[in-house]
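First the structure, in the form of structure tokens, and then the observations on it.
The values are calculated or read from the model by the stated rules, or taken from the named source; none is laboratory data. Nothing here was measured: the structure is a model prediction, and the numbers come from that model. For neighbour counting, all protein chains shown are included, and Cβ atoms are generated from backbone atoms with ideal geometry for every residue, glycine included. When the accessible area is computed, the model is the full protein with side chains, heavy atoms only, and any ligands, DNA or RNA have been set aside. Shrake-Rupley method; radii C 1.70, N 1.55, O 1.52, S 1.80 Å.
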Amino acid sequence: MRFPLVRLFAAALALASAVGAQAQQPIELKLAYFVGDQHAMSQWLIKWSGELEKGSNGRIVVKRFPGAQMGPTPQHYDFARTGQADVAWFLHGGTPGRFPLTEIISLPFMVGSSEIGTKTLNDPELRAKYLDAEHKGVKVLLLLTHQPGGPHTNKKAIRTMDDFKGLRLRFASPPIRDLVQGLGATPVGVPPTEIAEQLQKGTIDGAFIDYGGAGIAFKLGGTIKYSTELYAYVSSFAVAMNEDFWNKLPPDLKKLVMDSVTGKEKEVGEAWDALDVPGKKALMDGGGEAIRLAPEENAKFRKIGAEVSEAKVKELEAKGLPARAVYSQMKALAEKNAKTSKNFWN
């Protein structure tokens, strides 16, 4: 009887070893983002993913899909929502209408830097009460904005309000679409990755974009000839995890993930704001001209911006959304955060 017992014992040991090995299999995390690895936000995501791998002692292994390898920019939210990606960095303006309250941060002249915008969006009360609920199917890890942008054109310089007339300009989000229209130009929807091509084709005459996006991410040096330093708006983004992926993580790894994104607002904001100088240099090296508005012209732009903001708040309120409350809270937070942050308006 000893031989069968020995065989049974050996089989049990083998099964236990197999189960143990299976339990130790690393969790693959697919991370998708739509710009190349040279971008500051991509660099932050690379660093973040490395910290997850190290902090988990190899239990999490990150597979990155940079430069829109997984698919076009507007699809990145859905990649995270459906689970095609486990984590994605996405642009709210890439899917207009899905995040109306979050995108209030993109109304004209709301914040004067990425640091201010990122701190404002991650206010715990604002997120818990209004913003996280808009992100259906995902666990929001971090909300952020780029540094303020303005109009960049390839043929006609914008120095006054009248210069907008007749121009076709790419807008970055629904609020900026309304601003472009309010300024007398024609808004055109173009994904950021297609700006260069559409400029060359003549489909658009320029784009509302930040220096970092124009000069570094999408390499518009030599194409853009005039950059009007309006610092009029920011676009908002999210880094979010698929809800099912999140729910399957053990408690200690959930804590690791949340610890990795908590208190990072200043760090992320400063990284984006730092792109302004090299982004501008890339455009100027390509033959571009930087234009600063006269104070009286800047006041005209801000007046139009205020009118656009008020109209958008009323439009959203008419749809039953608490837009006025969100707008007021964001404005108050932005003013508070401006006291301790870089501000391009100064």
* For the range 147-194, enumerate the residues that are under 15 Å from residue 213 (Cβ atoms), in contact with an Asp or Glu (Cβ under 7 Å, 6 or more places away or on another chain) and at pLDDT below 95. => 173
* Pairs where the first residue, in the range 72-88, is surrounded by fewer than 19 Cβ atoms within 10 Å (Cβ to Cβ) and the second is part of a strand (DSSP E or B) and of a type in the set (Lys, Arg), C-beta under 8 Å, 6+ apart -> 84/30
* To do: Having 1 or more residues that are on the phi < 0 side of the Ramachandran plot and modelled with pLDDT under 95 is the bar; report the helices (runs of 4 or more DSSP H) wholly within the range 16-132 that clear it.
  => 40-55
* To do: Could you run through the range 305-318 and say how many residues are out of contact with any Asp or Glu (no Cβ under 7 Å at 6 or more places or on another chain), among the charged types (D, E, K, R) and touching a residue at least 60 places away in the same chain (Cβ under 8 Å)?
  => 1
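Each row is one residue, and each column tells you yes or no for (1) over 26 Å from residue 282 (Cβ atoms); (2) small (Gly, Ala, Ser); (3) open to solvent by 30 Å² or more (accessible area, probe 1.4 Å); (4) not in a loop (DSSP other than H, G, I, E, B).
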position	(1), (2), (3), (4)
150	no, yes, no, yes
158	no, no, no, no
166	yes, yes, yes, no
170	no, no, no, yes
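Just for the range 271-293: of the residues that are closer than 15 Å to residue 43 by Cβ and in a helix (DSSP H, G or I), which one is most open to solvent (accessible area, probe 1.4 Å)?
Applying the filter and picking the extreme gives 278.
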* **The one condition in (1) within 18 Å of residue 183 (Cβ to Cβ); (2) open to solvent by 60 Å² or more (accessible area, probe 1.4 Å) that residue 298 fails to fulfil** => (2)
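Consider the range 321-342. How many of its residues are hydroxyl-bearing (Ser, Thr, Tyr), within 15 Å of residue 309 (Cβ to Cβ) and in contact with a helix residue (DSSP H, G or I) (Cβ under 6 Å, 6 or more places away or on another chain)? So that I can check it myself, show each step before the final result.
Filtering the range 321-342 down to residues hydroxyl-bearing (Ser, Thr, Tyr) leaves 327-328, 340-341.
Still in the list and also within 15 Å of residue 309 (Cβ to Cβ): 327-328.
The next check asks that each one be in contact with a helix residue (DSSP H, G or I) (Cβ under 6 Å, 6 or more places away or on another chain); those that pass are 327.
Number of matching residues: 1.
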* Asked: If you check 341, 309, 328, which single one turns out to be out of contact with any Cys (no Cβ under 8 Å at 6 or more places or on another chain), open to solvent by 60 Å² or more (accessible area, probe 1.4 Å), closer than 14 Å to residue 110 by Cβ and polar (S, T, N, Q)?
  -> 328
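If you scan the range 21-44, which residues turn out to be touching an Asp or Glu at 6+ places or on another chain (Cβ under 6 Å) and either without any contact (Cβ under 8 Å) to a residue 40 or more places away in the chain or surrounded by 21 or more Cβ atoms within 10 Å (Cβ to Cβ) (or both)?
Residues of the range 21-44 touching an Asp or Glu at 6+ places or on another chain (Cβ under 6 Å): 29-30.
Scanning the range 21-44 gives a single hit, 29.
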* To do: Kindly list the number of the only condition in (1) free of Cβ contacts under 8 Å to residues at least 24 places away in the same chain; (2) under 25 Å from residue 181 (Cα atoms); (3) among the hydrophobic types (A, V, I, L, M, F, W, C) that fails for residue 332.
  => (2)
* To do: Please verify whether the range 95-102 includes one or more residues that are under 17 Å from residue 141 (Cα atoms) and in contact (Cβ under 8 Å) with a residue 12 or more places away in the chain.
  => yes
* in contact (Cβ under 8 Å) with a residue 24 or more places away in the chain, over 30 Å from residue 201 (Cα atoms) and out of contact with any Gly (no Cβ under 7 Å at 6 or more places or on another chain): does that describe residue 243? -> no
* **Of residues in the range 226-267 being open to solvent by 50 Å² or more (accessible area, probe 1.4 Å) and among the hydroxyl-bearing types (Ser, Thr, Tyr), the one farthest from residue 102 (Cα to Cα)** => 226
* Return yes when residue 302 is touching a Ser or Thr at 6+ places or on another chain (Cβ under 9 Å) and touching a residue at least 60 places away in the same chain (Cβ under 8 Å) and no when it is not. => no
* **Checklist (1) open to solvent by 10 Å² or more (accessible area, probe 1.4 Å); (2) in contact with a helix residue (DSSP H, G or I) (Cβ under 8 Å, 6 or more places away or on another chain); (3) at pLDDT 95 or above; (4) over 25 Å from residue 85 (Cβ atoms) applied to residue 136, failing item** => (4)
* Specify the residue that is farthest from residue 248 (Cα to Cα); the eligible residues are those in the range 45-67 that are touching a residue at least 40 places away in the same chain (Cβ under 8 Å) and open to solvent by 30 Å² or more (accessible area, probe 1.4 Å). => 51
